[in-house]
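Working notes, beginning with the structure itself.
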Protein chains: 2
Amino acid sequence: MRNIRLVVEYDGTDFCGWQKQPNIRTVQGEMEEVLSNLLQQKVSLIASGRTDTGVHASAQVVNFSYTGQHSCQTIFNGGNALLPFDVRILSAENVPLDFNSRFSAQAREYKYRITKKPRAIGRQYAWFCPFKIKLSYMEKACPYLIGEQDFKSFCRTGADVTHYQCNMYQVKWNESDDDYIFTVRANRFLHNMVRILVGTFVDIGRGKRKSKDMFTILKSRDRHMAGPTVPAHGLILHRVIYNN
Amino acid sequence: MRNIRLVVEYDGTDFCGWQKQPNIRTVQGEMEEVLSNLLQQKVSLIASGRTDTGVHASAQVVNFSYTGQHSCQTIFNGGNALLPFDVRILSAENVPLDFNSRFSAQAREYKYRITKKPRAIGRQYAWFCPFKIKLSYMEKACPYLIGEQDFKSFCRTGADVTHYQCNMYQVKWNESDDDYIFTVRANRFLHNMVRILVGTFVDIGRGKRKSKDMFTILKSRDRHMAGPTVPAHGLILHRVIYNN
């Protein structure tokens, strides 16, 4: 028995998210089919986390049990030869049997890209925000989110979770000529959490709310206090961090 | 009579190039239809130059005659509201009547992106080159191309042109972690010229030919001496330069 770890990049545009569902194109569905055919055994992938419809990943981490003899180089080459072009295996390696992409992960890092003007090139990877936003307002709201807190306000209502505690390690905004980039790193994320956070930041950035309102919103534990859920296509699972 | 100048960005993936053709989706075709509807008069666009099927533009320059009263802001907003998302008007302005996007242009600048590893995200905008290439070999071949010379070797055979003289102002390669970027600026370009140049550089970069062979190839005036035509999707019309 071997445990194979893959780092995977995908363009979420034409996928209904990561998680396998019958009769729907998902990343997990495509990958399991290709790898099962390639390795001639049923492959079940464990991912660091699910991504929603339309969300991208530049370095999703997955692993699976494998009892065959093919080298990791063969899995890498064969997988990429058979996979559709919107999924790429970036690396394949043997890891200890106790490695689990989901439970071994220390933190996940997401990025959300807002473009300042409508674009044709790269429009699949950035949300055009039609409002003027001020970086300094958004930056002032970041520190309230740091640390172990209850993020229920930033979770889709009706989500099936046992608790809303997340430990937030990093929250920051960067600005370039064309874009605003939001970077957020935490031990776990709730359903739609990054997109609701960004929607709330945009409300603050455009002056609809004060920077310090972020604190009140967080403490309310009420989804209706937070801003709108911004579109999926600006979001990318950027990195998953493991201890070693 | 007014002369309106637009700067236009497009993602060439789903277009059969710039130039209008019956029953085929082209950038010129889409734009003329939208602008004619919007302005309620027949709009004929003059572009700085044509781009081939699959080639992108981040700043194509076009102009057209207009006899109506709508402001440039209206043309900008209305055009972007009606255009498909893979074409965006970046700016619209009134210019002197003697301005002609094609004949007033001093130089065109193209970029070609080669990605070092297969990618899912941004795969529409970079060609994955399966060979190991050495930047220094390609850099050494650049100076041979500078200046007013005959570029027949780098023109598609059978192209309908009166002469092959081009004045090359800049030819350079840059390398980043993920990509090689080729930048080339000249007063004019022949059909497939940038893509044949890149194909020849790649032959040099992978050691199939010597850097100094670029000189022999250029002087031969023979397309068969040059390298292959690399795929269109790595190419972008990056900038058009005017005197003022």
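The values are calculated or read from the model by the stated rules, or taken from the named source; none is laboratory data. The model shown is predicted, which means the values in this text are computed figures rather than measured ones. In this analysis, Cβ positions are derived from the backbone assuming ideal geometry, glycine residues included, and neighbour counts consider all displayed protein chains. Calculation scope for accessible area: heavy atoms of the full protein, side chains included, ligands and nucleic acids excluded. Shrake-Rupley method; radii C 1.70, N 1.55, O 1.52, S 1.80 Å.
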*asked:* Between the stretch B:134-188 and the stretch A:88-165, what is the separation of their alpha carbon centroids in Å?
replied: 42 Å
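Helix-only estimate, please: 222 nm mean residue ellipticity of chain B, summing -39500 (n - 2.57) across DSSP H runs of length 4 or more and dividing by its residues, to the nearest 500.
-6500 deg cm²/dmol
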*For A:Arg209, which sequence-distant residues (separation of 5 or more, or a different chain) have an amide H within less than 5 Å of its own amide H, given hydrogens modelled in the peptide plane?*
A:Ile204
*Scan around A:Ala107 for amide H atoms under 5 Å from its own, H built in the peptide plane at 1.01 Å from N, and keep only partners 5 or more places away or cross-chain.*
A:Ile241
*Report, as an integer, the average count of C-beta atoms from other chains found within 10 Å of each Cβ along B:54-65.*
1
*In whole Hz, what ³J(HN,Hα) sequence does the stretch B:218-230 give by Karplus (6.51, -1.76, 1.60; θ = phi - 60°), x for Gly and Pro?*
4, 6, 5, 6, 10, 3, 6, 6, 7, x, x, 7, 6
*asked:* Using the Karplus curve 6.51 cos²θ - 1.76 cosθ + 1.60 with θ = phi - 60°, what ³J(HN,Hα) values do you get for each residue of the stretch A:13-30, in whole Hz, with x for Gly and Pro?
replied: 3, 9, 10, 8, x, 6, 5, 4, 9, x, 6, 9, 7, 10, 5, 4, x, 5
*By how many degrees, 0 to 90 and rounded to 10, does the Cα axis of helix A:193-205 deviate from the longest principal axis of chain A?*
30 degrees
_Listed residues A:Lys20, A:Lys208, A:Lys134, most fluctuating in chain A (Gaussian network, C-alpha, under 10 Å)_ = A:Lys208
*Among A:Gln149, A:Phe15, A:Asn80, flag the residue with its Cα farthest along the positive direction of the charge dipole of the protein assembly as shown, charges on Cβ as +1 for Lys/Arg and -1 for Asp/Glu.*
A:Gln149
*Positive end of the charge dipole of the stretch B:26-159 (Lys, Arg +1 and Asp, Glu -1 on Cβ, about the Cα centre): tell me which of B:Ser101, B:Val61, B:Ser136 has its Cα farthest that way.*
B:Ser136
*Go ahead and run the numbers for FRET between B:Thr162 and A:Lys117, Cβ-Cβ distance against an R0 of 45 Å, rounding to 0.05.*
0.70
*May I ask for the angle, rounded to the nearest 10°, between helix B:72-82 and the longest principal axis of chain B, with both axes built from Cα atoms and the value confined to 0 to 90°?*
70 degrees
*asked:* What are the ³J(HN,Hα) couplings of the stretch A:86-93, residue after residue, when phi is run through the Karplus curve with 6.51, -1.76, 1.60 and θ = phi - 60°? Round to Hz, x for glycine and proline.
replied: 8, 10, 10, 7, 8, 7, 9, 8
*Within the stretch A:222-244, whose backbone N sits under 19 Å from a point 7 Å along Cα→Cβ of A:Lys208?*
A:222-235
_Run through the stretch B:1-106 and list the chymotrypsin sites (Phe, Trp or Tyr not before Pro) located in a DSSP loop whose Cβ has at most 16 other Cβ atoms within 10 Å._
B:Phe85, B:Phe103
*Label-to-label distances across copies for A:Lys117, with labels 7 Å out along Cα→Cβ, in nm, shortest first?*
3.3
_I need the trypsin sites (Lys or Arg not before Pro) found in the stretch B:40-100, filtered to DSSP loop residues with at most 14 other beta carbons within 10 Å of theirs._
B:Lys42
*With +1 on each Lys and Arg Cβ and -1 on each Asp and Glu Cβ, and nothing else charged, work out how big the dipole of the stretch A:1-51 is about its Cα centre, in Debye to the nearest 20.*
300 debye
*Which residue, B:Val171, B:Val202, B:Val161, tops the fluctuation ranking in a GNM of chain B built on C-alpha contacts under 10 Å?*
B:Val161
_Taking a point 7 Å out from Cα toward Cβ as the label site, list the nm distances between A:Ile146 and the same residue in every other copy, smallest first._
5.0
*Once amide H atoms are built 1.01 Å from N in the peptide plane, which residues 5 or more positions from A:Ser91, or in another chain, come under 5 Å H to H?*
A:Val7
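Size of the dipole of chain B about the Cα centre, Lys and Arg at +1 and Asp and Glu at -1 on the beta carbon, nothing else charged, in debye to 20?
Around 940 debye, computed over chain B.
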*asked:* For the protein assembly as shown, what does the accessible surface come to per residue with a 1.4 Å probe? Please give it in Å².
replied: 47 Å²
_the protein assembly as shown - share of DSSP beta bridges that are antiparallel (%, nearest 5)_ = 90 percent
*Would you calculate the separation in nanometres between label points at B:Thr183 and A:Asp150, each defined as 7 Å from the Cα along the Cα-to-beta-carbon direction?*
5.4 nm
*Suppose every K and R has +1 on its Cβ and every D and E has -1 on its Cβ; what is the size of the dipole of the stretch A:46-150 about the Cα centre, in Debye to the nearest 20?*
840 debye
